[in-house]
Amino acid sequence: MNEKSNFRRGSVELLILYLLSQKDYYGYELSVVIREKSNGVLDIPVGSLYPALYKLIDLGYITDYKKQIGKRLTRVYYHMEQEGFKRLDILLKDYTLTTEAIQNVLKYQITGEEGK
Amino acid sequence: MKDAKSKQVKAYIKELKMYLPVFCADTKRYVSDMRQALGDFVQENENAGKEDLVREFGAPKDMAANYMIEADGEVLGKAILRSRYLKRVITIVALSIMVFYGIECTLAIISFHRLEEAYISREVIEIKVEDEYQVEDEGQIEEESQIKE
């Protein structure tokens, strides 16, 4: 992934890989599911989602394939690869560690003695 | 109804293309995927209009900006440099062709004027020659008739 990855970009990668570990999705469907399951809190525009998907394809974590839907419509579906599962494990562990660490910091309150 | 929807999608994509600074393989794939996503939205929402498309996906210029932010900087940078290089080459070739044809046209005009003058002078000479022949012929005829007599 990009060296300049920030928190949101990291989250997008995690969310995409997690959803694709469940089943194959097409681009717009991914965007809708993320928005619906997060109760509208995480609204990742499709315009941002596709470049993230391309990066994951380039890195070999996922692949894409075309599927004929009806007579005229063809959709591009994304499929998780073995490397993607490994990457998801790393990201989930990192996410858990980071959120725990953040929670610990947020729980911390300066006591009277430390304040002096 | 379907035609109207596909026109909306086409108009959106056209505007999106306008805001993308380069059109390389990656942007082509992006535009194709966006067309598909817009098509999916339009199919799932029967009464969707242009405003609904903008509400769901954002304005085309925002969409292009999103792509620019998220796209691979290295790939995009190379594409922009390639595009600039191509534009320069095309400009140089176009200018060269214009200069070449400009010179060609100037030379053609000059030679046309020369030919025009040459034609007129030849015409004058021919008329003169004809007159001389006529005079000569008339003289010869007179001489022959005198001999006969």
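Is it the case that some residue within the stretch B:40-49 is part of a helix (DSSP H, G or I) and over 22 Å from A:ARG72 (Cβ atoms)? Within the stretch B:40-49 (the criterion being part of a helix (DSSP H, G or I) and over 22 Å from A:ARG72 (Cβ atoms)), the answer is no, since none of the residues qualifies.
Yes/no matrix, rows are residues, columns are (1) under 13 Å from B:THR27 (Cβ atoms); (2) more than 28 Å from the chain's Cα centre (by Cα); (3) among the small types (Gly, Ala, Ser):
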site: B:ALA64; (1), (2), (3): yes, no, yes
site: B:ILE69; (1), (2), (3): no, yes, no
site: B:VAL75; (1), (2), (3): yes, yes, no
site: B:ALA79; (1), (2), (3): yes, no, yes
site: B:ARG82; (1), (2), (3): yes, no, no
site: B:ALA94; (1), (2), (3): no, no, yes
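Report those helices (runs of 4 or more DSSP H) wholly inside chain A carrying at least 1 residues which are within 14 Å of another protein chain (Cβ to nearest Cβ) and at pLDDT 90 or above. Where helices (runs of 4 or more DSSP H) fall fully within chain A and carry at least 1 residues being within 14 Å of another protein chain (Cβ to nearest Cβ) and at pLDDT 90 or above, they are A:7-22, A:27-37, A:46-58.
Yes or no, residue by residue, for (1) small (Gly, Ala, Ser); (2) in contact with a Lys or Arg (Cβ under 7 Å, 6 or more places away or on another chain); (3) surrounded by 14 or more Cβ atoms within 10 Å (Cβ to Cβ):
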{"residue": "B:GLU15", "(1), (2), (3)": "no, no, yes"}
{"residue": "B:MET18", "(1), (2), (3)": "no, no, no"}
{"residue": "B:ALA25", "(1), (2), (3)": "yes, no, no"}
{"residue": "B:TYR30", "(1), (2), (3)": "no, no, yes"}
{"residue": "B:PHE41", "(1), (2), (3)": "no, no, yes"}
{"residue": "B:ASN47", "(1), (2), (3)": "no, no, no"}
{"residue": "B:GLU70", "(1), (2), (3)": "no, no, yes"}
{"residue": "B:GLY73", "(1), (2), (3)": "yes, no, no"}
{"residue": "B:LEU86", "(1), (2), (3)": "no, no, no"}
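Counting only residues that are without any contact (Cβ under 8 Å) to a residue 24 or more places away in the chain and either closer than 15 Å to B:LEU16 by Cα or among the polar types (S, T, N, Q) (or both), the stretch B:35-50 holds 5 of them.
Residues of the stretch B:13-29 include none that is at positive phi and at pLDDT below 90. Across the stretch B:58-75, the qualifying residues are those that are assigned to a loop (DSSP other than H, G, I, E, B) and facing another protein chain (nearest Cβ under 7 Å), and the one among them that is modelled with the lowest pLDDT is B:ASP72.
The values are calculated or read from the model by the stated rules, or taken from the named source; none is laboratory data. Predicted model only: the values in this text are computed from it and were never measured. Neighbour counts run over all protein chains shown; Cβ positions are idealised from the backbone, glycine included.
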